[in-house]
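Shown next, in structure tokens, is the structure this report addresses.
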Amino acid sequence: MLLIDAHLDLSMNALEWNRDLRAPIQEINDREKHLSDKPDRGNATVSLDELRKGNIGIVVATQIARYVAPDSTLPGWNSPEQAWAQTQGQLAYYKALERTGDLRPIRNRSELHDHLTLWESDKHTIGYILSLEGADSIVSLEYVEIAYASGLRALGPAHYGPGRYAQGTNATGGIGVKGRDLLRKMMDLHIILDATHLCDDSFWEAMEYHQGPVWASHQNCRTLVDHNRQFSDEQLKEIISRGAVIGMPMDAWMMVPGWVRGESTPLNKNVTLNTLIDHLVHVCDLAGNTNHVGLGTDLDGGFGREQCPADIETIADLQKLPELLLQRGFSDEDIVKFCHQNWLDFLEKAWS
Ligand SMILES: [Zn+2]
């Protein structure tokens with residue numbers, strides 16, 4: 001079954017975790033056994049080969065770089081220009097992987113159709129849609145045009161904390177004039193709004209203003225795990241009413257209540273792919289149909305095997321999902337929708 005994963009920080013892993021994604025996963029993990037600078041060292045689940053093994057033929061690949069004010073305790077760059085330069089390094093990594101034949105850019109419907117045809121016969125070159133997580137690196141609005149010309153097709157204005165264009169997870173406040181100007185520019189260019197990480201105030205202001213396509217690339221349900229990072233039922237219903245697809249992420253703390261980082265384990269909290277399906281079922285219940293859910297795993301997005309479903313050894317294990325969904329009573333048609341069709345339908349419409 002073809003799978004689409006709508007949120008992977010591939011280039012962040014390459015440039016900030018120093019992971020060679022062209023290497024076998026075992027080698028990636030072996031090379032960082034002696035490192036302890038990050039909690040997920042030696043626990044990577046994502047490599048290009050594992051994506052191929054999992055028949056994950058299309059990914060949404062991020063650029064990500066935060067600006068931080070002098071009083072911030074979050075990691076980030078001290079100026080927007082530096083953040084921009086970081087995203088351009090990340091872009092250069094994707095471009096290098098295009099040259100090696102590992103990645104193929106998907107920027108419009110014809111590239112999408114061509115890729116799907118090519119993937120049927122040769123599951124080597126993975127299609128990627130470029131997105132930006134957090135807009136801090138957009139120095140000024142003309143940079144949106146530069147980014148679009150480089151292939152940017154989706155943008156989440158916020159990440160964790162306060163942002164230059166919108167407020168993110170754990171922050172409060174609206175998007176203001178700058179955020180609205182950004183949305184207008186995105187609408188002009190038909191860049192997809194990624195609602196994930198918008199805090200409640202910014203989310204509702206963005207919804208009031210934005211008229212273009214919107215998705216939530218990696219987003220679970222507040223009703224199941226209560227945290228401001230998760231969307232409430234009202235928020236989920238709002239984006240569903242706009243035709244959004246919601247990508248289900250696999251960071252364990254967003255899947256089960258009471259996760260304590262560094263203490264909880266996937267086994268002692270019994271976090272499995274079935275836990276993810278609970279969130280998926282909840283979104284389907286809210287929607288009244290199966291048209292608005294897909295995968296946005298965020299695997300290796302700052303966490304690894306120590307904090308993802310116990311039945312995920314590598315990202316290739318996503319192929320266990322179709323059988324699990326069948327056991328949960330979904331039809332073959334529904335499973336195809338979750339695995340790839342909902343994202344494809346969304347893109348067909350957004351890029352028409
Ligand atoms: Zn994220």
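The values are calculated or read from the model by the stated rules, or taken from the named source; none is laboratory data. As the structure is a prediction and not an experimental result, all values here were calculated from the model. Cβ coordinates were reconstructed from backbone atoms using ideal geometry, including for glycine residues, and neighbour counts include every protein chain displayed. We work out accessible area using only protein heavy atoms, side chains counted, and drop any ligands, DNA or RNA first. Shrake-Rupley method; radii C 1.70, N 1.55, O 1.52, S 1.80 Å.
The table that follows gives values for the structure above.
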quantity: Among (1) in contact with a helix residue (DSSP H, G or I) (Cβ under 9 Å, 6 or more places away or on another chain); (2) of a type outside the set (Val, Ile, Thr); (3) more than 14 Å from the ligand (Cβ to nearest atom) - the single one Asp285 does not satisfy; calculated: (1)
quantity: Count of residues meeting criterion [open to solvent by 20 Å² or more (accessible area, probe 1.4 Å) and in contact with a helix residue (DSSP H, G or I) (Cβ under 6 Å, 6 or more places away or on another chain)] in the range 244-253; calculated: 0
quantity: Pick from the range 1-16, criterion within 20 Å of Pro249 (Cα to Cα) and part of a loop (DSSP other than H, G, I, E, B), ranking: nearest to the chain's Cα centre (by Cα); calculated: Asp9
quantity: Where a residue in the range 153-165 is over 9 Å from Gly134 (Cβ atoms) and touching a residue at least 40 places away in the same chain (Cβ under 8 Å) and its partner, wherever it lies, is within 13 Å of the ligand (Cβ to nearest atom) and outside any loop (DSSP other than H, G, I, E, B), with Cβ under 7 Å and at least six apart; calculated: Arg153/Ser131; Ala154/Val60; Ala154/Ser131; Ala154/Asp194
quantity: Restricting the range 221-243 to residues that are within 16 Å of the ligand (Cβ to nearest atom) and assigned to a loop (DSSP other than H, G, I, E, B), the residue that is farthest from Arg153 (Cα to Cα); calculated: Val225
quantity: Tally of residues being within 16 Å of the ligand (Cβ to nearest atom) and free of Cβ contacts under 8 Å to residues at least 12 places away in the same chain across the range 1-45; calculated: 1
quantity: Matching residues in the range 254-273 - criterion: being touching a Lys or Arg at 6+ places or on another chain (Cβ under 9 Å) and open to solvent by less than 50 Å² (accessible area, probe 1.4 Å); calculated: Met254, Met255, Val256, Trp259, Pro266, Leu273
quantity: Within the range 290-305, considering residues that are away from the ligand (no atom under 16 Å from the Cβ) and open to solvent by less than 50 Å² (accessible area, probe 1.4 Å), the one nearest to Trp259 (Cα to Cα); calculated: Val293
quantity: Selection count where residues are within 17 Å of Asn291 (Cα to Cα) and either acidic (Asp, Glu) or more than 19 Å from the chain's Cα centre (by Cα) (or both), scope the range 199-241; calculated: 4
